[in-house]
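S.K.: Let me give you the structure first, and then I'll get to my questions.
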Amino acid sequence: MSKILLIEDDVSFCKMLENFLVKKSYLVTTAFTAEEAKTKIKSQNFDLIITDLRLPNYDGIQLMSEFKSAYPTIPVILMTGYSDVNTAVKAIKNGAADYISKPFNPEEVLLVIANTLKFPVSSIANNTIVTTAKNHNSSDGEVVLGISGASKKLTEYIQLVSPTDMSVLIIGESGTGKEVIAKSIHQNSPRKNNNFIAVDCGAIPKELAASEFFGHLKGSFTGAINDKIGCFEAANKGTLFLDEIGNLSYENQIQLLRALQERKIKPVGSNKEINVDIRIITATNEDLREAVKNGTFREDLYHRINEFSIQSPSLIERDGDLMIFADFFLSKANQQLNKNIIGFSTEVVTIFENYRWPGNLRELQNIIKRATLLSQGDFIEKSTLPFEVFQIETKFTSDFSLIENEKDAILNALEQAKNNKSEAAKLLKINRKTLYNKLKQHDIN
C-alpha cells in the first residue's frame, strides 16, 4: 500500500479527501500546516506528497522546492484553484510531478496519483461509478461524482438501486443527464454484461410504437419489408430505458403495461409469444402524478414503472459541482477535438457561476466543446463563449426579479427563506456562491 502525505489547511476538505483515498487502499497521513508536514516527513517514509498551493504562512511552491531538495525521490502533486493554474504549470517545470485543479473530480485524483506512481489505473479505480476526467473514452454511463448534497444523494441512490431488479423512474429537467443515470444503474447491476437499449418515446409515432417495442414480421403492415426485432427482445437479459415515457399515447401505454405485467411480447403480425427478461428504467421531465390526475397517464402503469424514483438534479441545484462538470467536459472536448486546453480563465469561471444554465449539463457540455474548438491559447477565455451566457434573465421566478431590483429581490428571498442562504439561492435560481457575491456587492449582512 502506497503511503501519501496530504498537506491541506482546510480541515473538512482534507478529511474528506483522506477518507476517499483510504477507501481506495492508500495509507494517508495528513498535515494542516507546512511545519507539521516537515515534522511528519522526518519520522515517516512516504511514496507521494500531495500539497495545497496556498498554505497558511507558507508558500506551496517553496515547500515543494524544499521537499524536492531534501527528498528528491518523492514525487509532489500540487492542488490549486483556477486562479493559480498558471503558477502550477510553472511549478511542474520546476519539479512538481503534476497538479490538480480545485474543485476536482475525485476520480481525477486517482488517475493523477496512478500516473505519478506508475500504477495501472484499473488496479485502484475499480468498482466505482465515476469516469476519469482525463484520458477517458466515450463509453456509456459516464457519471461524474459531485460534491454537492444533491449529487451525493444521487450517487447514493444509484448505488442502492443498481444491484436490484426494481423498476426505476428518473425525474428531471431536460439536459440533466437522465440517460447517463440510467446507463450507470445498468453498468452497476448484475445485467451489465447484457444490452442496454434506449428508446426515445417522444420520437415514436403512436402507429409504430408496437413495432418499435415488440418488433414485426415481414408483410404485417405497409412498409414492413423485413422482419424486425423490437427493443423489448433486443434488451432481453439486459435493461430497457424508455426516455420521456409521458409522451406515449394512452393506447401505447396499455400495450406497454401488458408487456411489463406478463413479461411476454408478441411481434406485430405474429401469433407467437416471446418471453423476455428485462429491467425497465424510465425517465420524464413532466409530473406524471399530475398526468395521472388529468387522465392522460395510466395510474397502473405509473405504479408499475415507479418502484423506485430518482430525482436528476438541475445544474443550479448542484451547488459547488459546476466546475467539476466543466473540467470533465473540457477533458472530453480535448480528446474529441485533439486539443490540449489546460483550463478556464478566472473571468470565465465567474461568468459560468453567474449564469442560469437553463439547458443544464447538455448546455454546459455544448458551450465548452464550442469554446475548446475556438480557443487558441492554454485557457478557455471569455471571447470564446456564446452570447447567451452574458444575458441576464429578466425573471428568475414569478416572485423575484434580479434585473428590476436586485437588492430587494435578495432581501425578499432571504426573508422568505428565514435567512437560510442555500434556500434563498434556490428561490433566486442562482448558486450559493453567486448569492454570497451579491450579498457583498449590495452590502447585505
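S.K.: Taking the Cα atoms only, what angle lies between the long axis of helix 60-70 and the longest principal axis of the chain, rounded to 10 degrees?
M.R.: With both axes taken from Cα atoms, the answer is about 70 degrees.
S.K.: Sticking with this structure for a sec: How far apart, in nm, are the 7 Å Cα→Cβ label points at residue 373 and residue 444?
M.R.: With each label point 7 Å from Cα toward Cβ, the separation is 3.9 nm.
S.K.: Let's see if you can work this out: charge +1 on each Lys and Arg Cβ, -1 on each Asp and Glu Cβ, no other charges. What is the dipole magnitude of the chain about its Cα centre, in debye to the nearest 20? All intermediate terms of the calculation are to be shown ahead of the outcome.
M.R.: Details: 52 positive and 55 negative charges, 198 e Å.
Using only the charged Cβ atoms, the result is roughly 940 debye.
S.K.: Mind listing the phi-derived Karplus ³J(HN,Hα) values for the stretch 330-343, rounded to whole Hz, using 6.51, -1.76 and 1.60 with θ = phi - 60°, and x for any glycine or proline?
M.R.: Rounded to whole hertz, the list is 5, 4, 5, 5, 4, 5, 5, 9, 6, 10, 9, 6, 7, x.
S.K.: Moving to a separate point now. Can you tell me the orientation of helix 11-23 relative to the chain, as the angle in degrees between its alpha-carbon axis and the longest Cα principal axis, to the nearest 10?
M.R.: Between helix and principal axis, roughly 60 degrees.
S.K.: When the chain is treated as a GNM, springs tying every alpha-carbon pair under 10 Å, which of 113, 197, 185 comes out with the largest mean-square fluctuation?
M.R.: Highest fluctuation of the listed residues: 197.
S.K.: Also: With +1 assigned to the C-beta of every Lys and Arg and -1 to the C-beta of every Asp and Glu, and no other charges, what is the dipole magnitude of the stretch 240-284 about the Cα centre in debye, to the nearest 20?
M.R.: Values: 6 positive and 6 negative charges, 48 e Å.
The dipole of the stretch 240-284 has a size of about 220 debye.
S.K.: Semi-axes of the equivalent ellipsoid of the stretch 261-326: what are they in whole Å, largest first, if each equals the square root of 5 times a C-alpha gyration tensor eigenvalue? Before the final figure, lay out the partial values.
M.R.: Numbers: eigenvalues 235, 67, 21 Å².
Output for the stretch 261-326: semi-axes of 34, 18, 10 Å.
S.K.: Which value, in debye to the nearest 20, gives the size of the charge dipole of the stretch 1-80 about its Cα centre, when Lys and Arg are +1 and Asp and Glu are -1 at the Cβ?
M.R.: Working: 9 positive and 10 negative charges, 64 e Å.
Charge dipole, the stretch 1-80, about its Cα centre: 300 debye, nearest 20.
S.K.: If you take every residue apart from residue 217 with its C-beta less than 10 Å away from the C-beta of residue 217, what net charge results, scoring Lys and Arg +1 and Asp and Glu -1?
M.R.: Charge balance near residue 217 sits at +2.
S.K.: State the extension gain, in nm to one decimal, for the chain segment bounded by residue 406 and residue 226, taking 0.36 nm per residue of separation less the distance between their alpha-carbons. Could the numbers behind the result be given before it?
M.R.: Values: separation 180, 0.36 × 180 = 64.80 nm, distance 6.22 nm.
Value of the extension gain: 58.6 nm.
S.K.: Compute the Rg/Rh shape ratio of the chain: radius of gyration over Kirkwood radius, all on alpha-carbon atoms. Let's see the in-between values first.
M.R.: Values: Rg = 25.5 Å, Rh = 24.7 Å.
Result: Rg/Rh = 1.03.
S.K.: Oh, and also: Could you check the simple spin-label distance between residue 336 and residue 263, using points 7 Å along Cα→Cβ, in nm with one decimal?
M.R.: Going by the 7 Å Cα→Cβ label model, 3.8 nm.
S.K.: What's the extension gain from residue 73 to residue 218 if we count 0.36 nm per residue and subtract their Cα-Cα distance? Present the calculation step by step, with values, prior to reporting the outcome.
M.R.: Working: separation 145, 0.36 × 145 = 52.20 nm, distance 6.97 nm.
Here the answer is 45.2 nm.
S.K.: Hey, another quick one. Could you give the nm distance between label points at residue 57 and residue 286, where each point is 7 Å from its Cα heading toward the beta carbon?
M.R.: Placing both labels 7 Å beyond Cα along the Cβ direction yields 6.4 nm.
S.K.: For the chain, take the longest principal axis of its alpha carbons; what is the angle in degrees between that and the long axis of helix 106-117, to the nearest 10 within 0 to 90?
M.R.: So the inclination is approximately 60 degrees.
Where a number appears in this text, it was derived from the coordinates with a stated rule and is not lab data. Please read all numbers here as calculations on a predicted model, not as lab measurements. Glycine also receives a Cβ, built like all others from the backbone with ideal geometry; neighbour counts cover every protein chain displayed.
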